[in-house]
Amino acid sequence: MAADPRPWSPTSWQEHPAAQQPEWPDPAALDSVLTTLSGYPPLVFAGEARQLTEALGRVAAGEAFLLQAGDCAESFETFSANSIRERLKIILQMAVVLTYSAGVPTVKVGRIAGQFAKPRSSDTETVDGRSLPSFRGHMVNDVEFTDEARLPDPNRLIEAYHQSAATLNLLRAFTKGGFADLSRVHLWTQEFVRASPEARRYESLADEIDRALRFMRATGIDPADQPSLHEVDFYTSHEALVLGYESALTREDSLTGDHYDCSAHMVWIGERTRGIEDAHVEFFRGIANPIGCKLGPSASVEETLALCEVLDPDRTPGRLTLITRLGAERIGDLLPPLVEAVRAAGHPVVWACDPMHANTFTSPSGRKTRHFDEILRELRGFFDVHRSLDSWPGGVHVELTGDDVTECLGGAEALADHELDLRYETMCDPRLNGRQSLDLAFGVAELLRG
Ligand code: PEP
Ligand code: CO
């Protein structure tokens, strides 16, 4: 990255304060794991990351829409072909809804194949007067409330690598090997969604797509000759939190000489680790991947501009995605000055809305949850602000699962507080279930149509 004269290396972040890092009990064991990881093959290729930057460049230019979605925290325990396929299915369905009903190409990025590390508001968790280290994601430790489970174990970094590799392998097979073929658009609906109003709405849209494909055939265009109807480009992303892991997977690209964090196509900086002098920003400024940065309600115009200057000095379209998570209540006040300042500074960023993380609360039943209506309300605020400033509302960033969980309130099935206990399975934040996700996609498609 030419414009920043300060030297950079994949480990220069070590000279900066690093927030949210695990306290590994045995530094020698950690070193040995990181040495092993740095000899492993990259999980993604630099050329794919560049392709995503280009696709996001089209989003920044208002020609496409970003759908970034997946788990809050992936699990080592619920790792199976089924769970990967269910998550892919719901994202493909949402993308079809967005593309077909709003007529805008959708760039699909999963929070998947590497989303194993979590920032925490407190280093410790106290239960009945006993304090243990907080759960930091399966890359670090385990959720169970015991000394042994909560002790950070560097061998988990190796397991995270292997699970990411296997997940990516299956995603590649599904998206390029026929499963994502548009002629299968009817088959992506999950069993439990099938009888619902959202599914009926989706089915009628799928019927229209079938008709369009038949029409193409009838006019002499053979859909079989159109690769874009049979394959999808699906990219992976996660919060690059544990910097030892990320820097061990960073490789110099032989073609360009640039460094890429080859743990995922896209990585992002979380709300708690975006300090301008801190280690995460230092690491991210030197990698050439497309990157994201979360911006919460405390993000000032000055901080945002400083982040843009360090992370996107060359003003590259698609390089930087600013993921605002400001809350349904405050987005109307907080977002406009950020959008205006970033535009005035000339950064061609993607603006994405994470309507989840600033709308989280503890329900009367004691569950950490989010209400579907508030999620949609923040999205509506996001579209309103961008439309009023003649700026492109570039994308959404959501936490979801294809499964029939009961973690978020509301939605078409009007999930109530007393129902949260039925299937509350997340290890971290509450996710939209399959029906709520589809419902949200129809809501966003309406907003996109304006
Ligand atoms: C997340 O995306 O899971 C997360 C922790 O978000 P944030 O950094 O915005 O709080
Ligand atoms: Co989360």
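Data for the structure
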read-out	value
Cα-based convex hull volume of the chain per residue, rounded to whole Å³	143 Å³
Distant-in-sequence amide H partners of LEU295 (H built 1.01 Å from N, under 5 Å)	ILE323, THR324, ARG325
Fully extended contour minus Cα-Cα distance, from ALA165 to ALA149, at 0.36 nm per residue	3.3 nm
4 °C / 1.567 mPa s Stokes-Einstein diffusion coefficient of segment 280-383, Kirkwood radius on C-alpha pairs, µm²/s	89 µm²/s
Segment 132-192: GluC sites (Glu not before Pro) in DSSP loop, at most 14 other beta carbons within 10 Å	GLU144
Overall dimensions of segment 191-256 by Cα: Rg and Dmax, Å	21.0, 56
Cleavage-rule hits (GluC sites (Glu not before Pro)) in segment 271-316: DSSP loop, at most 16 neighbouring Cβ within 10 angstrom	GLU277
Stretch in the chain that is longest and holds no chymotrypsin sites (Phe, Trp or Tyr not before Pro) that DSSP places in a loop and that have at most 16 other beta carbons within 10 Å	146-423
Whole-Å semi-axes of segment 140-186's equivalent ellipsoid (Cα gyration tensor)	36, 13, 4
q = 0.09, 0.12 Å⁻¹: log10 I(q)/I(0) that the Debye formula gives for segment 2-143, counting C-alpha atoms only	-0.46, -0.79
Range of Cα positions in segment 162-288 per principal axis (Å), largest first	58, 38, 28
Structure-based [θ]222 nm, the chain - -39500 (n - 2.57) summed over DSSP H runs of at least 4, per residue, nearest 500	-12000 deg cm²/dmol
Kyte-Doolittle mean at least -1.0 and Cα axial length at least 20 Å: DSSP H helices in the chain	46-60, 81-102, 155-176, 197-218, 372-388, 434-449
Rounded to 5, the percent of DSSP beta bridges in the chain classed as antiparallel	25 percent
Directionally averaged shadow of segment 82-150, computed from the convex hull of its alpha-carbon atoms, nm²	7.0 nm²
Probe 1.4 Å, all protein chains present, accessible-area order of ARG423, ARG343, largest first	ARG343, ARG423
Of all accessible heavy-atom area on the chain, the percent that carbon and sulfur account for (1.4 Å)	51 percent
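The values are calculated or read from the model by the stated rules, or taken from the named source; none is laboratory data. In this text the structure is predicted, and so the values were computed from the model without any measurement. When we count neighbours, we look across all protein chains shown, and the Cβ atoms used for this are built from the backbone with ideal geometry, even at glycine. Calculation scope for accessible area: heavy atoms of the full protein, side chains included, ligands and nucleic acids excluded. Shrake-Rupley method; radii C 1.70, N 1.55, O 1.52, S 1.80 Å.
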